[in-house]
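Just below is one structure, and these are the notes that go with it.
The values are calculated or read from the model by the stated rules, or taken from the named source; none is laboratory data. Quantities reported herein were computed from a predicted structural model and do not represent experimental measurements. Ideal geometry is used to build each Cβ from the backbone, glycine not excepted, and the neighbour counts take in all protein chains shown.
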Ligand SMILES: Cc1ncc(C[n+]2csc(CCOP(=O)(O)OP(=O)(O)O)c2C)c(N)n1
Ligand code: SF4
Ligand SMILES: [Mg+2]
């Protein structure tokens with residue numbers, strides 16, 4: 001008689017879940033159609049990680065973008081979230097409307113350097129000064145990638161296109177502008193620096209107010225060659241980090257060690273802590289002037305200063321300033337948003 005061996009019972013490894021019980025796959029999106037190696041793809045991966053790890057409810061996120069390769073990115077992450085791909089440079093107006101219409105949504109905007117600093121500049125500046133609670137990401141490659149690589153307004157003076165054309169116009173620094181105008185969390189990162197970018201994204205998720213992140217994101221097709229100051233090689237060689245970052249989410253008990261005397265702790269709106277270390281001695285992330293001085297100094301040296309440059313967790317955001325009701329406007333019944341006949345007549349009477 002043949003004795004059959006017992007089938008081997010193997011436990012299937014359980015997928016890791018976050019504090020909402022969701023697997024990371026829920027935070028993914030469609031397969032990317034961007035070029036292989038595009039910095040924008042790395043940013044999408046970090047967004048997936050950060051939203052998963054922070055346990056953000058993807059059903060309460062609304063993604064907005066303009067037009068460009070970068071603006072296509074929201075299709076590649078957070079599939080269950082609301083999404084609105086707007087007109088070129090007009091994302092801020094649409095995102096503002098959504099934020100006011102439903103204050104319970106977490107607003108995430110993704111733009112490009114062309115979408116923000118050229119056609120969208122008028123909308124960008126007002127968005128920053130309003131301190132709208134949202135995360136605004138610029139995937140910054142110094143070119144209009146989607147339209148075949150013309151210089152954008154963030155291209156550095158003297159940088160060279162693949163065609164040999166030299167940029168003879170000064171660059172716009174979106175971080176310096178955002179700090180000056182009133183954004184309350186401003187950072188610069190590099191798409192290839194996984195650890196730093198994840199930390200900055202997680203801190204931005206915890207901030208209440210405008211979190212503006214300029215992420216240098218090389219365009220491997222039109223702007224990753226010798227002579228470009230936004231290529232992988234150039235940024236890797238010239239990146240100057242503004243301290244190492246450690247972020248401790250409020251629901252996680254990770255203990256991070258920092259060298260004595262070289263740390264600066266910032267309490268964010270929700271009580272999470274952002275710890276910056278190895279800062280220059282006189283650096284304080286709550287002082288606008290210091291951030292602007294450092295940015296300007298790095299720029300003069302041809303360096304890319306990365307890190308959280310400025311944080312102000314106590315400034316009122318646009319929704320608080322408008323003093324609108326606590327419930328999302330979108331859920332108010334008609335009886336509360338439409339004046340009664342008598343109230344309407346009274347108003348009209350005042351104008352007689
Ligand atoms: C009103 C309008 N003007 C011009 C264009 C052409 N256009 C499409 S994308 C783009 C620039 C995109 O550059 P950027 O925002 O830097 O995105 P990237 O592709 O580099 O990620 C331009 C000029 C357009 N689509 N609509
Ligand atoms: S053209 Fe440039 S920006 Fe657009 S997907 Fe390709 S590498 Fe990315
Ligand atoms: Mg671009």
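Do we find that residue 99 is away from ligand 2 (no atom under 16 Å from the Cβ) and within 16 Å of the chain's Cα centre (by Cα) in this structure? Give the derivation first.
Working: away from ligand 2 (no atom under 16 Å from the Cβ): yes; within 16 Å of the chain's Cα centre (by Cα): yes.
Considered against the rule, which asks whether it is away from ligand 2 (no atom under 16 Å from the Cβ) and within 16 Å of the chain's Cα centre (by Cα), residue 99 comes out as yes.
Considering only the stretch 298-329, state which residues are assigned to a helix (DSSP H, G or I) and exposed (fewer than 13 other Cβ atoms within 10 Å of the Cβ). I'd like the intermediate steps shown before the answer.
Filtering the stretch 298-329 for residues assigned to a helix (DSSP H, G or I) gives 298-300, 318-322, 329.
Passing the criteria: 300, 321, 322.
What residue, among those in the stretch 133-158 that are more than 16 Å from ligand 2 (Cβ to nearest atom) and buried (at least 24 other Cβ atoms within 10 Å of the Cβ), is farthest from the chain's Cα centre (by Cα)?
Going through the qualifying residues, I end up with 134.
What are the pairs with Cβ atoms under 8 angstrom where one residue, in the stretch 3-25, is under 25 Å from residue 45 (Cβ atoms) and the other, located anywhere, is at pLDDT below 65 and assigned to a loop (DSSP other than H, G, I, E, B)? Sequence gap at least six, or different chains.
Note: pairs meeting the criteria are 19/251.
Wholly within the stretch 75-159, which strands (runs of 3 or more DSSP E) include no fewer than the required count, namely at least 3 residues that are closer than 25 Å to residue 30 by Cβ and free of Cβ contacts under 8 Å to residues at least 40 places away in the same chain?
Working: elements: 82-85, 106-112, 134-140.
So the answer is 82-85.
Just give me the residues in the stretch 39-67 being over 25 Å from residue 236 (Cα atoms) and within 16 Å of ligand 2 (Cβ to nearest atom), in sequence order. Steps first, answer last, please.
Here is the first cut: in the stretch 39-67, the ones over 25 Å from residue 236 (Cα atoms) are 51-67.
If the condition is that a residue be over 25 Å from residue 236 (Cα atoms) and within 16 Å of ligand 2 (Cβ to nearest atom), then 65, 66, 67 are the ones that fit.
Restricting to the stretch 160-196, and then to whatever is touching a helix residue (DSSP H, G or I) at 6+ places or on another chain (Cβ under 9 Å), away from ligand 2 (no atom under 16 Å from the Cβ) and assigned to a strand (DSSP E or B), can you tell me which residue is farthest from residue 230 (Cα to Cα)?
185
Taking the options 106, 177, 121, name whichever one is away from ligand 3 (no atom under 13 Å from the Cβ), farther than 20 Å from residue 40 by Cβ and touching a strand residue (DSSP E or B) at 6+ places or on another chain (Cβ under 7 Å). Don't jump to the end; show me each part of the working.
Working: 177 fails: touching a strand residue (DSSP E or B) at 6+ places or on another chain (Cβ under 7 Å); 121 fails: touching a strand residue (DSSP E or B) at 6+ places or on another chain (Cβ under 7 Å).
From the options 106, 177, 121, the qualifying one is 106.
Would you pick out the residues in the stretch 197-254 that are at positive phi and either modelled with pLDDT under 75 or within 16 Å of ligand 2 (Cβ to nearest atom) (or both)?
Pass one, the stretch 197-254, residues at positive phi: 209, 227, 243.
The answer is 227, 243.
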